[in-house]
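All remarks here apply to the structure that follows.
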Amino acid sequence: DKGNYRHFMQKEIYEQPEVVGHTLGAYVDMTSGRSRLPGEVALDFGAVRRMALSACGTGYYAALTGRYFFERYARIACDLDVASEFRYRESPLDGVDLALFVSQSGETADTLASLRYAKAAGLKTAAIVNVPESTIAREADAALPTLAGPEIGVASTKAFTCQLTALAALSVRAGVERGRISGAEEAELTRALSEAPRMIAEAFKLESQIEAIAREMTTHRHALFLGRGSSFPLALEGALKLKEISYIHAEGYAAGELKHGPIALIDETMPVIVIAPYDGVFEKTVSNMQEVAARGGRIILVTDEKGAKAAPVAAAATLVLPDMPEILTPIVYAVPLQMLAYHTAVHMGTDVDQPRNLAKSVTVE
Ligand code: F6R
């Protein structure tokens, strides 16, 4: 039931403060500020030094973000593959202590095959899954839940932010178990994560501004998304969301890759969405933004209050989120990108919840 919403996707975007909060509650004891594993899950990160992560589509972008979390907070090296490559790549998997899969449905054929491949190779496996009775949840050694509830819209929204939440909290748990994070740091990070629902609600306030940007977006046939660090996977996810429901051709790039090719595409007709929270790589991203501005590209900057003040070039539009701890930015910055894709598709008149050629669950290779 869509309730008062026009589409399931819109409803699911708006459910995010609640379901992200629920998911976080499974991985963090809010009273003590300690990270934990949900329910009966048995998984020990203490001896994990290297992980292999694999998933498809949006789940893959969540896993790619997870790599930033795990490498930074737990000092666990992460290999990453889309599942359709992992299963055939013939990686020796040397030194891999744990294989971690991410899937909303828990039924994606390539991800399931990759899980079975990892098990056959003798690896310990874990899977972050939204459907607890799914095949992947049943077959993984450790099933790690996201509590997004049923996701009906084909374009994933709330499942993605819940995956990011679980990955962020797990990386903190792993950091503690590996002795890389002190109790005080754990408390600070979990406190930061507990702000996610409120920050997502703040992002909703940008909706009318995003709607106006989306109206303009419909006049373009192409768009570029740029991000650095943990905002790089968001650039990929923002581009995927836009192309799958509005059919506008969009590509996401690591901002530093701009000058290695895609800069050739930039002219006055090219919207460039720059995702740049005021973090450790902000200055670098901004210098890439200047390269876009110098070539007349139409910049849509997604940043925070500090970033908006520090940005040296005027963007065609600036979406300003509140300043927030770094661990939160992937979770919160996903939301304006979802809203941008949603409103562009609505203006284009496409079938938002059932985009052409796509299925909610891809159970064939
Ligand atoms: C994009 C989208 C797909 C899925 C992918 C994996 O919005 O929904 O890219 O993320 O098909 O599906 P799951 O997560 O069910 O394995």
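Rule-based calculations on the coordinates, nothing more; no lab input. From a predicted model like this one, the values you see are computed outputs, not experimental measurements. All Cβ positions, even for glycine, are placed from backbone atoms using ideal geometry, and neighbour counts span all protein chains on display.
In table form, for the structure just shown:
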| item | result |
| --- | --- |
| Hits in segment 238-249 (condition: touching a residue at least 12 places away in the same chain (Cβ under 8 Å) and crowded, with 16+ Cβ neighbours inside 10 Å) | 238, 239, 240, 241, 242, 244, 245, 246, 247, 248 |
| Pairs where the first residue, in segment 345-359, is more than 12 Å from residue 155 (Cα to Cα) and the second is of a type outside the set (Val, Ile, Thr) and surrounded by 12 or more Cβ atoms within 10 Å (Cβ to Cβ), C-beta under 7 Å, 6+ apart | 347/214; 347/215; 348/246; 350/246; 350/247 |
| Residue list for segment 87-104, restricted to those being within 16 Å of the ligand (Cβ to nearest atom) and surrounded by fewer than 24 Cβ atoms within 10 Å (Cβ to Cβ) | 87 |
| Selection status of residue 259, of a type in the set (Lys, Arg) and within 16 Å of the ligand (Cβ to nearest atom) | no |
| Within segment 60-86, considering residues that are in contact with a Ser or Thr (Cβ under 8 Å, 6 or more places away or on another chain) and among the aromatic types (Phe, Trp, Tyr), the one farthest from the ligand (Cβ to nearest atom) | 73 |
| Residues (touching a residue at least 24 places away in the same chain (Cβ under 8 Å), more than 13 Å from residue 168 (Cα to Cα) and more than 17 Å from the chain's Cα centre (by Cα)) located in segment 19-38 | 22, 30, 33, 34, 38 |
| Condition check for residue 235: within 14 Å of residue 300 (Cα to Cα) and outside any helix (DSSP H, G or I) | no |
| Residue within segment 64-75 that is in contact with a Lys or Arg (Cβ under 6 Å, 6 or more places away or on another chain), buried (at least 16 other Cβ atoms within 10 Å of the Cβ) and closer than 25 Å to residue 184 by Cα present | yes |
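To keep it simple, each residue is scored yes or no on (1) under 26 Å from residue 205 (Cα atoms); (2) not acidic (Asp, Glu).
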{"residue": "18", "(1), (2)": "yes, no"}
{"residue": "24", "(1), (2)": "yes, yes"}
{"residue": "33", "(1), (2)": "no, yes"}
{"residue": "40", "(1), (2)": "no, no"}
{"residue": "45", "(1), (2)": "no, yes"}
{"residue": "55", "(1), (2)": "no, yes"}
{"residue": "61", "(1), (2)": "yes, yes"}
